[in-house]
Amino acid sequence: MIKDITIGQYIYKDSLVHRLDPRTKIIVSMLFMIGIFFIKDYYEYIYVLALTAISIYLSKIPVAKILKGLKPILPLIVLTIIMNAFFTSGEVIFQFLFFKLTIEGLALAAFMSTRIIFLIVFTSLLTLTTSPINLTHGIEGLLNPLKKLKVPAHEIAMMMSIALRFIPTLIDETDKIMKAQKARGADFESGNIIKKTKSLIPVLIPLFISAFTRADELAMAMEARGYRGDEGRTRFREQRLQLNDYLILLFFLVLTIFVGIRSVVF
């Protein structure tokens, strides 16, 4: 389960999506997240499915790799289904004590869980198709206007990219620690939720120590290389939006505005 987490991972491919400016991909992901919350009808998810499928196809990322990232959020999806199916008023299908399964609840559960799945699948393309350094430049480029307000755009972008970059590293470290503890007789599966939580303490303590050690080593390495923040820094490649970036931005912007207006008017 731990290795199924795809957040922060980058897969190199020679595709249209990989060649897009990182700022374009960040803005498109935000527009997608905004637009999907305006959807009210079930049949509209057909268009979302088509848009997502086309994006995955153009990215050349294996579908199995993207779907693999859904495994860690299965508990969230199951919880969403239960909360909506049993706690939504309507025509009762089944009742046990104060739990009422309704037709309207099932419909809402399917609607909400589908929304979560599309959000995870589409937005995961951002990190899968964008290297950490390009993601840093993209975030910094979007935050540049805030520099006039004394907002440390470069430092914020650097912290966010480092956090994303170290997610796969910490996942691997957690997996190694858990395997080592299991070899010593630790049991993470049996018992109630309290016992399972307590059994994670031998994993969390070395994980925190390892994380702080890595952070200290990274800080010393950056300082040894003369890192002083944004002051006086130059880039090997300057970011420039191409025609494809403008066309895709325009398409998603118009689509989001259309969906928003349609949901308000109708």
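The values are calculated or read from the model by the stated rules, or taken from the named source; none is laboratory data. Just so we're clear, the structure is a prediction, and the values are computed from it rather than from any experiment. Virtual Cβ from ideal backbone geometry, glycine too; neighbours counted across all protein chains shown. What goes into the accessible areas is simple: the full protein's heavy atoms, side chains included, and nothing from ligands, DNA or RNA. Shrake-Rupley method; radii C 1.70, N 1.55, O 1.52, S 1.80 Å.
A few comments on the model shown:
- Overall, the ratio between the Cα radius of gyration of the chain and 2.2 N^0.38 Å, rounded to two decimals, is 1.21.
- The chain: DSSP helices with Cα axial extent of at least 27 Å and average Kyte-Doolittle hydropathy no lower than -1.0: 103-128, 153-183, 201-224, 243-265
- The helix-based estimate of mean residue ellipticity at 222 nm for the chain, built from -39,500 (n - 2.57) per DSSP H run of four or more residues and divided by its residue count, is -22000 deg cm²/dmol to the nearest 500.
- Over the stretch 142-266, the fraction of Cα-Cα pairs per 5 Å bin, rounded to whole percents and listed from the shortest bin up, is 2, 7, 10, 12, 11, 11, 10, 9, 10, 11, 7, 1, 0.
- Spread of Cα-to-Cα distances over 5 Å intervals beginning at zero, given as percent, for the stretch 90-169: 3, 12, 14, 12, 11, 9, 8, 7, 8, 9, 6, 1
- For Gly90, the shell of other residues with beta-carbons less than 14 Å away shows a net charge of -1, using +1 for Lys and Arg and -1 for Asp and Glu.
- The smallest convex shape that holds all Cα atoms of the stretch 21-145, its convex hull, gives 134 Å³ per residue.
- Length-normalised contact order of the stretch 145-233 in % [C-alpha pairs under 8 Å, at least 6 apart]: 33
- Lys196, Lys150, reordered so the largest accessible area comes first (probe 1.4 Å): Lys150, Lys196
- Accessible surface comparison of Lys65, Lys60, Lys71, Lys25, probe 1.4 Å, protein chains only, largest first: the order is Lys60, Lys71, Lys65, Lys25.
- Straight Cα distances below 27 angstrom link Lys68 to the lysines Lys3, Lys13, Lys25, Lys60, Lys176, Lys179, Lys182, Lys196, with same-chain residues fewer than 8 positions distant left out.
- Projected onto its three principal axes, the C-alpha set of the stretch 85-131 covers 51, 16, 11 Å, listed from the longest axis down.
- Inverse of mean 1/r across different Cα pairs in the stretch 128-175, Kirkwood, Å: 11.5
- Residues of type aspartates and glutamates that Lys195 reaches as a straight line, Cα spacing below 17 Å, ignoring anything fewer than 8 places off in the same chain: Asp187
- Accessible surface, per residue, of the chain when the full set of protein chains is kept, probe 1.4 Å, Å²: 64
- Only protein heavy atoms count here; under a 1.4 Å probe, Lys100 has an accessible surface of about 90 Å².
- Extension gain from Met112 to Glu91, taking 0.36 nm per residue of separation minus the Cα-Cα distance: 5.7 nm
- Packing-based ranking of 140-148, 221-229 yields 140-148, 221-229, ordered from highest to lowest mean Cβ neighbour count within 10 Å.
- The Rg/Rh ratio for the stretch 79-217, using Cα coordinates for both the radius of gyration and the Kirkwood hydrodynamic radius, is 1.13.
- Accessible surface of the chain [probe 1.4 Å, protein heavy atoms]: carbon and sulfur percent: 69
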